[in-house]
Amino acid sequence: MEKIKVGIAGIGAISQVAYLPSLQEIEDFNVIAVCDVDYQKAEAVARKYGISHIFDDYEDFLRNADIDTVVIATPNYLHFPMLMGALDYGRDVICELPLCLRENEIEEIKSSVSKNKKILFPAMNGRFRPDARVLHRTITSGEIGNVIYSKAGWLKSLKKKVQSWRSRKSESGGGAIMTLGTYVLDYMIWALQKKVSTVFASLHRDDEVEDSGIVLMKFEDGTFGTFEVSWTILFEKDFTYFNVYGNRGTAIMNPMKIEKLYQGEILDLTPREPIKHPFMNSYKFMLEHFRDIKRGRAQQLYTHEDANYILKIILASYRSFETGAEERIP
């Protein structure tokens with residue numbers, strides 16, 4: 001069977017740390033082209049991974065690279081025009097979040113997907129984290145009862161402050177809430193299987209964008225949860241967490257701990273096998289699912305509609321900070 005021919009747009013950290021190693025490990029994929037405005041960087045990465053075609057112009061890349069799938073791993077403001085261009089050129093698309101930065105662009109994405117009949121696969125890799133999947137199964141099975149409160153976060157270690165597109169609002173669309181919060185919020189909402197009614201946000205601005213923030217969410221079932229993010233914490237390393245508290249038990253992602261109350265006693269349901277490298281493995285498992293969709297062996301587990309729902313919550317959080325009031329999710 002012919003391999004899936006992949007081209008990667010954007011050769012930054014996530015491409016080098018997650019996409020390229022995972023795509024090389026899965027034998028169904030063949031990465032044959034890369035595109036980046038920094039041609040020298042693209043050339044060095046291509047040499048390392050044995051990739052034969054290098055571009056520094058995206059339209060040239062779409063027009064001339066012999067690929068059927070485009071991975072978009074560029075700064076946030078480029079996601080929308082790049083995915084729209086790739087769909088118009090008849091390519092399937094894997095795109096990092098957010099898919100766009102404005103709510104009016106959501107409708108344009110819907111129209112393009114419908115018109116072009118191609119796969120748009122948002123990179124919602126958090127749903128493929130083995131630890132997040134354990135919590136998802138624990139919650140949806142009813143093992144810990146009805147979830148009353150939940151909280152999640154990503155506190156990114158500040159080892160060295162580096163200016164990049166993430167700190168420029170015109171390129172990022174926002175700060176830590178947009179860049180980190182999108183991923184945490186996605187696997188949190190997916191695992192809980194809840195709809196958000198309103199949000200109330202408190203942010204700490206650092207120049208153009210926030211470097212920290214916390215968001216209180218009220219769910220449609222009357223329960224509530226929070227998520228917090230920061231990229232200015234002096235930790236030794238990044239820390240992600242997801243804690244879920246039910247009326248009959250508790251599930252904690254990091255370190256993994258699951259307990260439930262049964263007949264007056266506390267039972268430990270924590271998996272015995274340790275979960276290793278959840279972030280890295282999430283990309284591999286996500287790409288394997290994309291392969292199975294392409295091969296006709298699986299239905300797509302989520303769509304751009306799910307990604308856009310997360311964006312609506314993020315944008316409502318920014319409006320809440322500006323108004324100082326709760327904001328309803330449209």
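Values in this text are rule-based calculations from the coordinates and carry no lab data. Only a predicted model underlies this, so the values are computations on that prediction, with no experimental measurement involved. Cβ: placed from backbone, ideal geometry, glycine included. Neighbour counts: every protein chain shown.
Rounded, prolate or oblate, given the Cα gyration tensor of region 6-49, with a/c below 1.5 counting as rounded?
Here region 6-49 falls in the prolate category.
Return the sequence-ordered ³J(HN,Hα) values of region 164-169 in whole Hz as given by the Karplus equation 6.51 cos²θ - 1.76 cosθ + 1.60 applied to θ = phi - 60°, using x for Gly and Pro.
Rounded to whole hertz, the list is 8, 4, 5, 9, 10, 4.
How much net charge surrounds Val31 when only the other residues with a Cβ under 10 Å from the Cβ of Val31 are counted, with Lys and Arg +1 and Asp and Glu -1?
Here the count lands on +2.
Compute the helix-to-body angle for 130-140: its Cα long axis versus the longest principal axis of the chain, expressed 0 to 90° and rounded to tens.
That helix lies at roughly 50 degrees to the long axis.
What does the C-alpha gyration tensor say about the overall shape of region 159-261? Classify as rounded when a/c is under 1.5, otherwise prolate if a/b is larger than b/c, or oblate.
It is oblate, given that a/c is not under 1.5 and a/b is not larger than b/c.
What FRET efficiency, computed as 1/(1 + (r/R0)^6) with R0 = 25 Å and r the Cβ-Cβ distance, is obtained for Lys48 and Asp206, rounded to the nearest 0.05?
With R0 = 25 Å, the Cβ-Cβ based efficiency is 0.15.
Given a 10 angstrom Cα cut-off, can you work out which residue in Ile72, Ile258, Ile233 is the most mobile in a GNM of the chain?
Ile233
Between Asp306 and Glu265, what is the FRET efficiency for a Förster distance of 35 Å, r being their Cβ-Cβ separation, to the nearest 0.05?
0.35
With each pseudo-label sitting 7 Å past Cα toward Cβ, what's the Lys117-Asp28 distance in nm, one decimal?
Once both label points are built, they end up 2.2 nm from each other.
Could you work out the relative contact order of the chain? I mean the mean sequence separation of Cα pairs under 8 Å and 6+ apart, divided by the number of residues, in percent.
The value is 18 percent.
Determine the relative contact order of region 134-230: mean sequence separation of Cα pairs under 8 Å and six or more apart, normalised by residue count, in whole percent.
Dividing the mean separation by the residue count of region 134-230 yields 33 percent.
Beyond 30 Å between alpha-carbons counts as too far, so tell me which of Lys118/Lys195; Lys156/Lys276; Lys48/Lys237; Lys5/Lys257; Lys5/Lys156 fall in that bin.
Lys5/Lys257; Lys5/Lys156
Out of every Cα pair in the chain, what percent are spaced more than 33 Å from each other?
Across the chain, Cα pairs with separations above 33 Å total 28 percent.
Starting with the highest mean, order 109-119, 2-12 by the number of other Cβ atoms within 10 Å, averaged over the residues of each peptide.
For the peptides 109-119, 2-12, the packing ranking is 2-12, 109-119.
Pull up all non-local amide H partners of Ser197: gap of 5 or more, or a different chain, and H-to-H distance under 5 Å with H placed in the peptide plane.
Lys218, Phe219, Glu220
Would you tally the net charge around Leu155, using a Cβ to Cβ cut-off of less than 12 Å, leaving Leu155 out, and scoring K and R as +1, D and E as -1?
-2
Roughly speaking, what is the centre-to-centre gap between region 178-248 and region 270-305 when only Cα atoms are used, to the nearest Å?
22
Give the relative contact order (percent, whole number) for region 4-123; include only Cα pairs under 8 Å separated by 6+ residues.
23
Relative to the longest principal axis of the chain, what angle (0 to 90°, nearest 10) does the C-alpha long axis of helix 103-116 take?
50
Please list the non-local residues whose amide H lies under 5 Å from the amide H of Leu97, H modeled 1.01 Å from N, same-chain partners needing a gap of 5 or more.
For Leu97, whose amide H was placed from the backbone, the distant partners under 5 Å are Ala123.
For region 4-123, place one equal point scatterer on every Cα, skip the solvent, and apply the Debye formula. What is log10 of I(q)/I(0) at q = 0.12, 0.15 Å⁻¹?
Here the Debye-derived log intensity ratios amount to -0.39, -0.61.
Convert each backbone phi in region 315-323 into a coupling constant with the Karplus relation 6.51 cos²θ - 1.76 cosθ + 1.60 (shift: θ = phi - 60°), then list the ³J(HN,Hα) values in order as whole Hz, x for Gly and Pro.
Ordered by residue, 3J(HN,Hα) equals 5, 5, 5, 5, 5, 4, 5, 5, 8 Hz.
Helix 39-49 sits at what angle to the longest principal axis of the chain, using alpha carbons and giving 0 to 90 degrees rounded to 10?
80
Quick one: what are the phi-derived ³J(HN,Hα) couplings along region 196-212, Karplus 6.51/-1.76/1.60 with θ = phi - 60°, whole Hz, x for glycine and proline?
With the stated coefficients, region 196-212 comes to 8, 8, 9, 10, 9, 10, 10, 10, 10, 7, 10, 6, 6, 10, 7, 9, 8 Hz.
Around Met1, under 9 Å between beta carbons, what's the net of Lys plus Arg minus Asp minus Glu among the other residues?
With Lys, Arg at +1 and Asp, Glu at -1, the net is 0.
Taking springs between alpha-carbon atoms closer than 10 angstrom, which of Gly153, Gly90, Gly296 fluctuates most in the Gaussian network model of the chain?
It is Gly296.
Using amide H atoms built in the peptide plane, which far-off residues or other-chain residues are under 5 Å from Val31 H to H?
For Val31, whose amide H was placed from the backbone, the distant partners under 5 Å are Val6.
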